[in-house]
Every structure is written in structure tokens, then in C-alpha cells.
Amino acid sequence: MQIVILKNSAEVAEYGANIFIKQLQEKANSVLGLATGSTPVALYQKLIEATQAGAISFKDVTTFNLDEYLGLAGTHPQSYRYFMNEQLFDHVDIDKSHTHVPPGDAADPVAACEGYEQQISDAGGIDIQLLGIGRNGHIGFNEPSSGLMSRTRVKTLTKATIDDNARFFAADEYQPHLSITMGIGTILDAKKVVLLATGENKADAILATVEGALTASCPASALQLHRDAVLVIDEAAASKLSDCEFYKHIENENQKLQAQLAKL
Ligand code: GLP
């Protein structure tokens, strides 16, 4: 894993956005895996700005989101489809028919999960997958105990996740406790994975992801198996890592190598 430790959330958003901007400049018809939650919002804002400045275009882009609440239609303000429209799709030149979020209102959720896998495969697979991380180490809605080879399926949310996400729902509003999520195996199939984490409340999850054992108890630890996973985190999220100086040293060496290669 490449571990990039930056000062604050603004730097994390900028670094993460630059990876996506480069990807779209190199491959205009990229297949992007996208994420919800508060962490990627600033990155999406940067992508909107880059689109409006003419540096990138979403015209030929296809997207697949990680997950959706089961029981919410895409028109529901708390649905992840609604979130994606508001935070990104409505502000860039994307063809909405090329954007995919698991259907939270599917009559047959099991068939919908199989269909989602098929759509990803028909699109040629995901070039680059964006991830946030839950406090318990979940990625997408793959909660602890999720199979490390799992595919898109219905998952039950933990109480911790329901409590963490309660802030988005009104007190008397129905909050789903089930989801449809890409599996860990689906995520690992992406050619590149970029995980963003900011803030001290993610420090335990980042510690388990980077320095803990590969285990279903911390779903994000599965990224240890990925060939091209980048963790872009701020100092607060990195605060429990024992080897921070070493990771920063590697990143410095990495930058020097990239600069040398750029001259060739
Ligand atoms: C939800 C999403 C995850 C996301 C997590 C963290 O549970 N399903 O994909 O990573 O929230 O969200 P936040 O970035 O708000 O901390």
C-alpha cells in the first residue's frame, strides 16, 4: 500500500482529486468507482471545479457507486443516488445514464446485486475506485466479518454504522438497517483503489488497516492484498500509526523517483 500522510483534510481532498484528474486526462472514458459519506465531498468539489475550468470532462465517463441503502428509492434525500446527484453528477457534463448506484428500491434485491456485478463487468471493470472508511474499518457497507472475497450483496448494518449515519436522518425519519454493497472482492478487482480518511475518529480504523493483520474483522485490511492501493490520510487519521516517519520517508523517495522518471 502507498501511504500518503498530509497535514489536513484540504490537502487530502486535493491530492485525491489530482489522482482522479490525471486518470481522466489519461483515459477520457474511464470507469470510476465512487463513494459517499462526508469525506469525499471536498474531492468532488475539486472535480467539479476542474470540469468547469475545462481541465477534465465526464462526457465519456461511466461510474459505479459502492453502495446504497436498501429500502430507499433514488429520489429519497438520504439515498446515496440523491447524494451523488447533488454532490457531483448535477454539476459535471456526465451522461446520467452512465452513472450507476445499486437500486435501493429493487423488488428483487438479490437479482439486483447479480445485475450490478454484470454491469460492472460489461463496462470492462473499474479503473479506479474511491473509498472512505467507517470507524469500524468498513469499506462500502462491508461491515466487520464480511467475506474478503465477497461480491455485491445485501448486507446488514452494524449498530455503530447506523449510529454514525443517524446524523443524516431526521429524528422521526425511517433509517434503513440494510444495504446493497459491492463486496470486498468487487472492490479488490478495481485496477486502482484510493482510500481517503481524515480526522482522529478514523485513527483506530487506519491503524488496523495499515499495521493490523489481514482480517475480516477490519474489512479495509483487505487492501493489503491489492497491487495498487493508495491511502491518502491526514495527520489526525495517521496519529495512531507507529511507523509514520517511515511512511513519509517512502513517500519522499517515491516523489523523487517520479520526478526522475518524468525527465526520461
Ligand atoms: C458510510 C458509507 C461508506 C463511508 C462511510 C464513512 O457508511 N457506506 O462508504 O466510507 O460512511 O463516512 P464518512 O466519510 O462520513 O466518515
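Stretching GLU245 away from SER97 to a fully extended chain increases their span by 48.8 nm, per 0.36 nm per residue minus the current alpha-carbon distance.
Dividing the radius of gyration of the alpha carbons in the range 9-192 by their Kirkwood radius gives 0.94 for Rg/Rh.
Summed over qualifying helices (DSSP H, 4 residues or more, each -39500 (n - 2.57)) and divided by its residue number, the chain shows a 222 nm mean residue ellipticity of -11000 deg cm²/dmol. Note: relative contact order over the range 9-192, using C-alpha pairs below 8 Å and six or more positions apart, is 24 percent.
Probing with 1.4 Å while keeping every protein chain in the model, the per residue accessible area of the chain equals 45 Å². Here the range 9-192 exposes an accessible surface that is 52 percent carbon and sulfur, computed with a 1.4 Å probe and the other protein chains kept in place. The stretch between ARG167 and LYS59 holds 35.5 nm of extra length on full extension. This uses 0.36 nm per residue minus the Cα-Cα distance. Compute the separation of the alpha-carbon centres of the range 218-264 and the range 42-85 and state it in Å as a whole number. Between the Cα centres of the range 218-264 and the range 42-85 lies a distance of 26 Å.
Between ARG227 and ALA10, the modelled labels are 3.8 nm apart [label points 7 Å from Cα along Cα→Cβ].
Of the listed pairs LYS27/LYS192; LYS202/LYS240; LYS22/LYS59; LYS22/LYS191; LYS46/LYS192, which have alpha-carbon separations greater than 18 Å here? Distance filter (> 18 Å) returns LYS46/LYS192.
Relative to one another, the C-alpha centroids of the range 96-138 and the range 145-201 are positioned 12 Å apart.
Highest mean first, how do 52-64, 227-239 rank when packing is the count of other Cβ atoms within 10 Å averaged over residues? Intermediate values should be presented prior to the final figure.
On the way: 52-64: 16.7, 227-239: 20.6.
Highest mean packing first, the order is 227-239, 52-64.
The values are calculated or read from the model by the stated rules, or taken from the named source; none is laboratory data. No experiment lies behind these values; they were computed from the predicted model shown. Please note: Cβ atoms are built from the backbone with ideal geometry, for glycine as well, and neighbour counts cover all protein chains shown. Note: accessible area is taken over every heavy atom of the protein model, side chains too, but ligands, DNA and RNA are not part of it. Shrake-Rupley method; radii C 1.70, N 1.55, O 1.52, S 1.80 Å.
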